[in-house]
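Trainee: This is the structure I want to talk about, given as structure tokens.
The values are calculated or read from the model by the stated rules, or taken from the named source; none is laboratory data. Quantities reported herein were computed from a predicted structural model and do not represent experimental measurements. Don't worry about glycine lacking a Cβ; one is built from the backbone with ideal geometry, like all the others, and counts go over all protein chains shown.
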Amino acid sequence: MIATSKAPSSGTTRSINWADKHYLVIDDCASIRQLLRESLRSMGAKFIDQAMDGSEAVALINNKRYDIIMCDYHLEGGRNGQQILEEARGNNWLKPSGIFIMVSAEKSADSVMGTAEFHPDAYLIKPITEGMLNTRLNRIWQKKQVFQKIDLAYARKDFAGAAALCDIQIAGNKLHEHDLLRMKASLLLKCGERAKARAIYTQVLCQRECTWAKAGLAELHLQDGDYGAACQMFQDVIDGNHLYLDAYDQLAAAHKQLGQQEQASTVLEQAARLSPNSVNRQRTLGEVSLRLGNVAAAEKAFRKCISVGEHSISRTADPYFGLARACGIRKAPLEALQILATVQKKFAGDAGNLRARITEGLVYLDNDDQQSATAIAEEFKAMLATASAGDLPLPDTCMDIATLLLEVGIKEPAVKLLCYIIQNNDDDKSVRDEVQKVFEHAQMGEEGAELIEGARKEASEVMNRGVLLWKTNRLEDAVDWMRAARLKLPGNLRILLNTAQILISHVQKRGYDPALLAEAAEVLALINRMAPGQRRHTELLLQLGSIMPDILDVAGQAVAPGA
């Protein structure tokens with residue numbers, strides 16, 4: 001509830017015209033909405049909309065850009081406040097200068113930490129006085145104005161210009177210098193200016209102990225493939241600030257790249273205890289736990305992921321398939337099959353049906369129904385006999401298919417599929433380790449190690465041939481070669497990155513060609529979907545944008561013309 005209090009009178013308060021701002025109040029309690037409206041009106045607010053649930057709120061935010069949103073964390077039915085904020089951020093529905101304030105009577109760590117991960121501008125605990133609201137809004141609004149021009153430049157994809165604006169603001173706003181330096185470093189990374197970003201992180205750390213600067217250096221190590229250094233630095237971040245949750249996720253990713261699944265699981269469990277309402281973290285924890293054979297932990301994580309993700313923008317079918325596997329392993333086949341039936345209803349589509357079918361086969365295997373498992377394996381054997389590389393599913397699904405085939409004695413297509421996985425992930429140690437485990441489980445450990453090495457060598461030879469053609473200036477041949485390589489190995493990131501590089505180089509050296517630029521944009525968009533945050537992707541995207549700026553969408557991602 002709102003406790004009535006005189007708003008403090010100050011020069012800062014009088015300098016802000018609250019009357020011309022647009023507000024949205026979201027609360028399922030009519031009396032609370034009324035009290036919040038009255039509090040805002042006492043500050044001079046005129047344009048106040050209201051919503052009583054998540055669906056109504058999302059519809060309003062989608063259609064109108066509000067200056068100030070006040071949202072209750074707990075809403076009856078559907079989305080909660082955290083999920084509304086998550087969706088608004090994910091869809092870029094919030095103005096650069098807009099304010100999102102989470103309001104709640106809930107003081108629990110789960111609520112506060114979960115919401116904090118999506119960066120509301122404030123988290124206010126009820127009861128809220130008019131004076132408290134006025135003071136907080138004034139403080140936030142003044143800070144927002146410092147960043148408004150920077151945010152607008154960011155929205156235009158003018159990252160270099162936005163970084164320059166940071167310098168201008170630093171000169172006149174020493175109070176916000178630290179935040180501006182942090183923003184500048186992130187902008188420099190988007191410009192491909194890694195050395196300059198590193199210099200900022202180093203400079204800040206020379207002056208004081210700073211969590212974000214240390215995390216920035218750690219992320220640079222992670223992007224460079226220096227996973228050992230990344231692990232050490234992210235652990236230092238956590239030791240210094242155990243609530244810096246992003247460091248846990250990044251540390252787990254570094255451990256996974258080193259093949260250290262148990263360490264990754266431990267880190268994710270620590271983060272999940274601090275903030276259990278992250279859909280992506282619970283899903284990753286479930287997947288890692290399942291690989292380690294910790295079925296109880298996997299089942300717990302997948303159930304939590306499904307629960308908190310029901311109304312989330314991050315909701316996917318993955319945790320349902322993981323939960324079905326966990327139920328199958330603990331000898332609950334009926335429950336597993338019911339989960340698979342549910343997921344097919346919730347996530348209709350060929351990919352979902354395919355994963356449901358292979359998961360069903362694995363559930364039969366786990367429960368000693370060899371006949372049913374073999375029947376499904378024969379279906380996949382027939383499918384693989386006619387499938388091209390582009391028709392094959394994602395690596396995790398391919399791994400499950402190969403596992404099923406080997407378990408029922410269908411060796412040849414399984415081996416081909418596992419080698420295909422390696423060829424598409426030839427520099428990913430965690431994938432190699434998983435494939436080796438499949439071979440070892442099938443009593444093929446030594447043979448599997450040789451097959452893995454041979455598959456890696458073949459993938460490297462394919463890529464190196466295209467790079468050699470490019471470096472010897474045989475650009476047309478290089479483009480043709482890399483197109484063929486993409487058809488053969490459509491999931492190989494190194495081949496995709498080099499394909500984009502060769503297409504862009506062709507235009508730079510041979511002259512403007514919109515078809516080649518569109519092809520490069522398509523490849524870069526695919527890379528970003530497969531593995532967001534790739535350092536080289538950012539560099540190539542900037543090269544592409546310098547040739548044809550209109551080929552980038554509002555989020556700075558590559559899109560083909562007319563898309």
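Trainee: Exactly one condition in (1) closer than 26 Å to N92 by Cα; (2) of a type in the set (D, E, K, R); (3) touching a Gly at 6+ places or on another chain (Cβ under 8 Å) is not met by D246; state its number.
Mentor: (3) is the only condition that D246 fails.
Trainee: Further question: If you go through segment 298-314 one residue at a time, do you hit one that is more than 20 Å from R283 (Cα to Cα) and of a type in the set (A, V, I, L, M)?
Mentor: no
Trainee: Looking only at segment 321-339, filter to residues that are surrounded by fewer than 23 Cβ atoms within 10 Å (Cβ to Cβ) and over 20 Å from E407 (Cβ atoms); which one of those is farthest from the chain's Cα centre (by Cα)?
Mentor: L334
Trainee: Which residue is nearest to L290 (Cα to Cα), if the candidates are limited to segment 408-427 and must be under 30 Å from the mean Cα position of the chain (by Cα) and not in a helix (DSSP H, G or I)?
Mentor: Across segment 408-427, the extreme among qualifying residues is N425.
Trainee: Scan L365, L405 and give me the residue that is part of a helix (DSSP H, G or I) and under 30 Å from L526 (Cβ atoms).
Mentor: On inspection, the qualifying residue turns out to be L405.
Trainee: Looking at segment 502-516 only, could you name the residues that are free of Cβ contacts under 8 Å to residues at least 40 places away in the same chain and either part of a helix (DSSP H, G or I) or charged (D, E, K, R) (or both)? Reasoning before the result, please.
Mentor: Going residue by residue through segment 502-516, those that are free of Cβ contacts under 8 Å to residues at least 40 places away in the same chain are 502-503, 505-506, 508-513, 515-516.
I502, L503, S505, H506, Q508, K509, R510, D513, A515, L516, listed by residue number.
Trainee: Take P276 and tell me if it is modelled with pLDDT of 95 or more, farther than 26 Å from R536 by Cα and within 20 Å of the chain's Cα centre (by Cα).
Mentor: no
Each row is one residue, and each column tells you yes or no for (1) modelled with pLDDT under 90; (2) surrounded by 12 or more Cβ atoms within 10 Å (Cβ to Cβ); (3) within 35 Å of the chain's Cα centre (by Cα).
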{"site": "I2", "(1), (2), (3)": "yes, yes, no"}
{"site": "P8", "(1), (2), (3)": "yes, yes, no"}
{"site": "R14", "(1), (2), (3)": "yes, no, no"}
{"site": "A19", "(1), (2), (3)": "no, no, no"}
{"site": "L36", "(1), (2), (3)": "no, yes, yes"}
{"site": "S39", "(1), (2), (3)": "no, yes, no"}
{"site": "M43", "(1), (2), (3)": "no, yes, no"}
{"site": "K46", "(1), (2), (3)": "no, yes, no"}
{"site": "I61", "(1), (2), (3)": "no, yes, yes"}
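Trainee: Among the candidates T342, T374, T359, T284, single out the residue that is in a helix (DSSP H, G or I) and surrounded by fewer than 17 Cβ atoms within 10 Å (Cβ to Cβ).
Mentor: Exactly one residue qualifies, and that residue is T342.
Residue by residue, here is whether (1) at pLDDT 90 or above; (2) touching a His at 6+ places or on another chain (Cβ under 9 Å); (3) in a loop (DSSP other than H, G, I, E, B); (4) over 22 Å from P393 (Cα atoms) holds:
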{"residue": "T499", "(1), (2), (3), (4)": "yes, no, no, no"}
{"residue": "A521", "(1), (2), (3), (4)": "yes, no, no, yes"}
{"residue": "H537", "(1), (2), (3), (4)": "no, no, no, yes"}
{"residue": "L541", "(1), (2), (3), (4)": "no, no, no, yes"}
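Trainee: Condition first: surrounded by 16 or more Cβ atoms within 10 Å (Cβ to Cβ) and either at pLDDT below 70 or of a type outside the set (A, V, I, L, M) (or both). Now tell me which residues in segment 543-559 satisfy that.
Mentor: Q543, G545, I551, L552, G556, Q557, A558, V559, listed by residue number.
Trainee: Out of (1) in contact with an Asp or Glu (Cβ under 8 Å, 6 or more places away or on another chain); (2) assigned to a helix (DSSP H, G or I), the odd one out for K331 is which?
Mentor: (2)
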